[in-house]
Amino acid sequence: PFTWQPFSQPVLSAAWREYPGSVVTDAKGLQRLTDVAMEYVARKAVRLANLKHGEFTRGRKEEQARETLEGTKHTVRTMLSKRLVGIVNKAERDERTGLYNKEAFEQRARAHLRERGNFAFIYIDANNLKKRNDLLGHTEGDKLIDATAETVASLASKYNALVGRVGGDEFAIIFPVSHILKNARAHTATFMQEVEEEFGRKWELKKPVKPRLGSIAVGCSIKGEFQTLEDPYHKIFKKAEQRMYTDKKRKKAGRR
């Protein structure tokens, strides 16, 4: 019997001969191609059902054909849905850390900031990544990236936070805070302290060579610090980035 094999070359080639279509270059193209294959497979299944159940009356054969057609379409739609979800996730996720990449994070962060609620924006930089790569090799450099990524990921669920990798050694977090600015600042300060402590634990678990050659700098900004803006993302991002660099300089100078 004819069976569906998702995206198998024989099926797609046969479908393409019967139903010529456009070239696949993106998720929409993949969906069009799969729709074509689904139609081909469904029609094939109907023909097989008619042959297999030749002893049935005409009405029963048509009923069997419809059942086969709908069942086949459901199976293919499920396969298509899973494949498209995988494509979208791959496009939005950073390959190494599994966090949102810069584009996906920014898109979601902008949507959050357009909401009425107040949000804190945390900007984190992994210090001395280039130096670790140059002196100790990329394996040791990757430990710093992984420890930082695991830090932000572990705090995401606790604070209902959106997190992403927005640069080679840069990470961002956005999470809801109180409308009262004083409370929001206290909440954010607590969060930043947790980030530092959690990074220390994650970094120690990596057993890095020369552990002192690896730390993070953290800066923050709060939506409520700014007057109402049509698109506040840029200013909030820049303010958090400036404060992160201040923290980086302070730590580099050895001050706490």
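The values are calculated or read from the model by the stated rules, or taken from the named source; none is laboratory data. This one's a predicted model, so the numbers in the text were calculated from it and none came from an experiment. Glycine gets a Cβ as well: all are built from the backbone with ideal geometry, and neighbour counts include every protein chain shown.
Here are a few things to note about the model shown:
- The residues in the range 152-197 that are of a type outside the set (A, V, I, L, M) and closer than 20 Å to residue 113 by Cβ can be counted, and the count is 16.
- For residue 211, the criteria (1) at pLDDT 90 or above; (2) assigned to a helix (DSSP H, G or I) hold in every case but one, which is (2).
- Qualifying residue in the range 187-206 (condition: under 15 Å from residue 144 (Cβ atoms) and not in a helix (DSSP H, G or I)): yes
- Checked against (1) over 22 Å from residue 251 (Cα atoms); (2) out of contact with any helix residue (DSSP H, G or I) (no Cβ under 7 Å at 6 or more places or on another chain), residue 200 meets all criteria but (1).
- Filtering the range 131-175 to residues that are more than 15 Å from the chain's Cα centre (by Cα), touching a residue at least 60 places away in the same chain (Cβ under 8 Å) and more than 22 Å from residue 201 (Cβ to Cβ) leaves 131, 135.
- Subset tally (residues that are touching a residue at least 60 places away in the same chain (Cβ under 8 Å) and closer than 21 Å to residue 193 by Cβ) for the range 207-238: 12
- Residue list for the range 225-238, filter: surrounded by fewer than 19 Cβ atoms within 10 Å (Cβ to Cβ) and modelled with pLDDT of 90 or more: 238
- Against the list (1) among the hydrophobic types (A, V, I, L, M, F, W, C); (2) farther than 17 Å from residue 109 by Cα; (3) touching a Gly at 6+ places or on another chain (Cβ under 6 Å), the condition residue 186 fails is (3).
- Checklist (1) at pLDDT 90 or above; (2) part of a helix (DSSP H, G or I) applied to residue 175, failing item: (2)
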